[in-house]
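Only one structure is covered here, and it is reproduced in the block below.
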Amino acid sequence: MKDIIVISTLVMLAVIVTHPAAASADSWQEKLLFSPTPAQLTMEESRDRIMIYEGLKDVQVAEAMDSQFDRIEHMMFTGTVVTDDQGEVLIDEETGNAVIEDDGC
């Protein structure tokens, strides 16, 4: 069992090191996006703040557009990682890096 955990950790670390965009969306961003605290909501609304989310997968962005529609004006997405139909990160064959949407910036 211990060997399985070590191997899984090594595989996960290899993905993070070789494809940093695939792992750059920290869980704190997801928490703020999908489960905002009352303080976060107050800050967005009363202070007219925008949260910039960087490195999320396109499927996460699409889910946020549906489930957090009333907060869209307080969100900006950049460096969005493109996924295939199964939600797996697409890798550019020439560079070996994750495919990132062109956000026009």
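With the condition kept exactly as written, say whether any residue in the range 61-70 is out of contact with any Ser or Thr (no Cβ under 9 Å at 6 or more places or on another chain) and among the aromatic types (Phe, Trp, Tyr). Show your work before the answer.
Let us first name the residues in the range 61-70 that are out of contact with any Ser or Thr (no Cβ under 9 Å at 6 or more places or on another chain), namely 62-70.
Next, from what is left, pick out any that are among the aromatic types (Phe, Trp, Tyr): 69.
Scanning the range 61-70 turns up at least one residue that is out of contact with any Ser or Thr (no Cβ under 9 Å at 6 or more places or on another chain) and among the aromatic types (Phe, Trp, Tyr).
Within the range 60-105, track down each residue that is farther than 27 Å from Leu41 by Cβ and touching a residue at least 60 places away in the same chain (Cβ under 8 Å). Residues satisfying the conditions are Val89, Ile91, Gly96, Asn97, Ala98, Ile100. Among the residues of the range 33-56, those identified as touching a strand residue (DSSP E or B) at 6+ places or on another chain (Cβ under 8 Å) and under 23 Å from Ile100 (Cα atoms) are Leu33, Ile50, Met51, Ile52, Tyr53, Glu54, Gly55, Leu56.
Of the residues making up the range 57-77, just one is under 20 Å from Asp102 (Cβ atoms) and polar (S, T, N, Q), namely Gln60. Here is a list: Val61, Val11. Which entry is hydrophobic (A, V, I, L, M, F, W, C), modelled with pLDDT under 90 and not in a loop (DSSP other than H, G, I, E, B)? Testing whether each residue is hydrophobic (A, V, I, L, M, F, W, C), modelled with pLDDT under 90 and not in a loop (DSSP other than H, G, I, E, B) leaves just Val11.
The values are calculated or read from the model by the stated rules, or taken from the named source; none is laboratory data. Keep in mind that this is a model prediction, so the values were computed, not measured. Backbone-built Cβ (ideal geometry, glycine too); neighbour counts: all protein chains shown.
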